[in-house]
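The values are calculated or read from the model by the stated rules, or taken from the named source; none is laboratory data. Values in this document were obtained by computation on a predicted structure and should not be read as measured data. Methodologically, a virtual Cβ is constructed for each residue, glycine included, from the backbone with ideal geometry; neighbour enumeration extends over all protein chains shown.
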Amino acid sequence: MGQGLASPTILVAPLDWGLGHATRCIPIIRALLLAGCTVLLAGDDKVKTLLQQEFPELRFLHLQGYQIQYASTSWGLPLKIVAQIPKLLSTIKKEQEWLHKIVDEERIDAVISDNRYGLHHPGIKSVFITHQLLIKAPFKKAEDYLQRLNYKYINQFDECWVPDAEGNMNLAAELSHPKKMPAIPLRYIGALSRFTKKVKREETHLLIILSGPEPQRTLFEKNVVKELEVYTERVVLVRGLPQTMEKISLGSNVIVFNHLPSAEMEEQLVTASMVISRCGYSTVMDLAVLKKKSILIPTPGQTEQQYLAKRLMKRNFALCVEQKKFRLKQALDLAGHFEYQAINVENDNTLQAAILQLLVSFKKNI
């Protein structure tokens, strides 16, 4: 064992497909450190920038990202993704080779991979994290094929951890609770959020959070900036660009941040009267934990977000609007008459239980 039984070395590596995978790993990293583990982090420069703001004391290993590019139109996205499949498969093979090398060099005892399919190793405990056991597609046959392919990779790990509740009070529905499950042991570890529900505070502003792969992040930002030209109330805009130094200047009523560390982002969320953001699952978990009212705009062509938007709108969790139909004043007017209903996402220490069981498994292997 890398650091001895009392302090196993755990590698945590999130996918670079947007920043949500990295942010939802923050509570996992905190729980591992609390349990006395030695934690190593891995990812590309975007992931490094975000996680090192949260954990400057932890070592970070460079690992090439998948570098997925989105299309500028919803109909073009499936074709864009298909065209990138050879690059995806190549990256999976490279990360597998990288892990085999780094396990020996760093004496790693376990790896926790958030949606990185190549990060499993026969000699150590390998955990895969995903909320998408079922990957939505326009056609049932395509869904079935994607699920078989998904499980082919997932089943090479020792365990699969799903960031959602096990019962009916879940957030991701069919995505995390499909009829067919993987062959490996599966654990529901509850909604993962880097934030905690605090005492209610005075709500002072509209918070707009931009995120996700390009070019859709920039396209939505241009739409938002145009809408803000005629909006006079107080706004905080977070651009979702942790590596960018470029500044944009809007009206005196708008405060702009390229990125915010967790503590500052939590402050802005807690004191926001309304949140406008993408319908990414990590954002949805944050909003559920903080019980915030929101207007969600799914990324065009991204089937997962479109599915979540329809489901969450039906449950009155959030008002959801298509990007091409988004008009700020109209959306806020609709939200003012929307009967919001929170979803209880108390996880009853399910993440801590999963980590404890992981640590117990080391003892069994001695």
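Matching residues to (1) surrounded by 16 or more Cβ atoms within 10 Å (Cβ to Cβ); (2) aliphatic (A, V, I, L, M); (3) in contact with a Cys (Cβ under 7 Å, 6 or more places away or on another chain):
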| position | (1), (2), (3) |
| --- | --- |
| 241 | yes, yes, no |
| 244 | no, no, no |
| 249 | no, no, no |
| 258 | yes, no, no |
| 263 | no, yes, no |
| 272 | yes, yes, no |
| 278 | yes, no, no |
| 306 | yes, no, no |
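Report yes if residue 135 is within 16 Å of residue 361 (Cβ to Cβ), within 23 Å of the chain's Cα centre (by Cα) and among the aliphatic types (A, V, I, L, M), otherwise no. Working first, answer last.
Values: within 16 Å of residue 361 (Cβ to Cβ): no; within 23 Å of the chain's Cα centre (by Cα): yes; among the aliphatic types (A, V, I, L, M): yes.
Against the criterion (within 16 Å of residue 361 (Cβ to Cβ), within 23 Å of the chain's Cα centre (by Cα) and among the aliphatic types (A, V, I, L, M)), residue 135 does not qualify.
Within the range 324-341, is even one residue exposed (fewer than 14 other Cβ atoms within 10 Å of the Cβ), under 30 Å from residue 139 (Cα atoms) and of a type outside the set (S, T, N, Q)?
For the range 324-341, residues exposed (fewer than 14 other Cβ atoms within 10 Å of the Cβ), under 30 Å from residue 139 (Cα atoms) and of a type outside the set (S, T, N, Q): present.
Take the residues in the range 107-136 that are of a type outside the set (Lys, Arg) and surrounded by fewer than 16 Cβ atoms within 10 Å (Cβ to Cβ), then tell me which one is farthest from residue 181 (Cα to Cα). Please lay out each step first, then the result.
The first filter runs over the range 107-136 and keeps only residues of a type outside the set (Lys, Arg), leaving 108-115, 117-124, 126-135.
Then keep just the ones that are surrounded by fewer than 16 Cβ atoms within 10 Å (Cβ to Cβ); that gives 122-123.
Details: 122: 22, 123: 25 Å.
Applying the filter and picking the extreme gives 123.
Kindly list, by first and then second residue, each pair from a residue in the range 100-115 that is free of Cβ contacts under 8 Å to residues at least 60 places away in the same chain to a residue that is among the small types (Gly, Ala, Ser) and not in a strand (DSSP E or B), limited to pairs with Cβ atoms under 6 Å and residues at least 6 apart or on different chains.
Filtered contacts from the range 100-115: no entries.
Scan the range 289-343 for residues that are among the β-branched types (Val, Ile, Thr) and at pLDDT 95 or above and report the count. Show your work before the answer.
Filtering the range 289-343 for residues among the β-branched types (Val, Ile, Thr) gives 289, 295, 297, 299, 303, 321, 343.
Okay, now just the ones that are also at pLDDT 95 or above, so 295, 297, 321.
Of the residues in the range 289-343, 3 are among the β-branched types (Val, Ile, Thr) and at pLDDT 95 or above.
Tell me which strands (runs of 3 or more DSSP E) are completely within the range 253-366 and hold 3 or more residues being in contact (Cβ under 8 Å) with a residue 40 or more places away in the chain, or say none if there are none.
Working: elements: 254-257, 272-277, 294-296.
It comes to 272-277.
Take the residues of the range 209-220 that are within 21 Å of residue 269 (Cα to Cα) and part of a helix (DSSP H, G or I): which is farthest from the chain's Cα centre (by Cα)? Walk me through it before giving the result.
Narrowing the range 209-220 to residues within 21 Å of residue 269 (Cα to Cα): 209-212, 217, 220.
Add one more test, that the residue is part of a helix (DSSP H, G or I), and what stays is 217, 220.
Values: 217: 15, 220: 19 Å.
In this case the residue turns out to be 220.
Pairs please, first residue from the range 224-238 and in contact (Cβ under 8 Å) with a residue 12 or more places away in the chain, second anywhere and of a type in the set (Phe, Trp, Tyr), Cβ atoms under 7 Å, 6+ apart in sequence or on different chains.
Cβ pairs passing all conditions: 238/257.
Please give the number of the condition residue 7 fails out of (1) touching an Asp or Glu at 6+ places or on another chain (Cβ under 6 Å); (2) under 19 Å from residue 124 (Cβ atoms); (3) not β-branched (Val, Ile, Thr).
(1)
I need a count of the residues in the range 221-242 that are of a type in the set (S, T, N, Q) and not in a loop (DSSP other than H, G, I, E, B). It would help to see each step written out before you state the result.
Within the range 221-242, the subset of a type in the set (S, T, N, Q) is 223, 232.
Next cut, not in a loop (DSSP other than H, G, I, E, B) only: 223.
Residues that pass the stated criteria total 1.
Report yes if some residue within the range 167-183 is charged (D, E, K, R) and under 19 Å from the mean Cα position of the chain (by Cα); otherwise report no. Reasoning before the result, please.
Step one: of the range 167-183, the residues charged (D, E, K, R) are 174, 179-180.
Checking which are under 19 Å from the mean Cα position of the chain (by Cα) leaves us with 174.
Checking the range 167-183: at least one residue is charged (D, E, K, R) and under 19 Å from the mean Cα position of the chain (by Cα).
Under 7 Å between Cβ atoms, at least 6 apart or on separate chains: pull out the pairs that start in the range 174-193 with a residue that is over 23 Å from residue 312 (Cα atoms) and end on any residue that is surrounded by fewer than 16 Cβ atoms within 10 Å (Cβ to Cβ).
Hits for this filter: 182/155; 183/155; 184/155.
With the structure loaded, tell me whether residue 200 is closer than 19 Å to residue 263 by Cβ and more than 21 Å from the chain's Cα centre (by Cα) or whether it fails that test.
Working: closer than 19 Å to residue 263 by Cβ: yes; more than 21 Å from the chain's Cα centre (by Cα): yes.
In short, yes.
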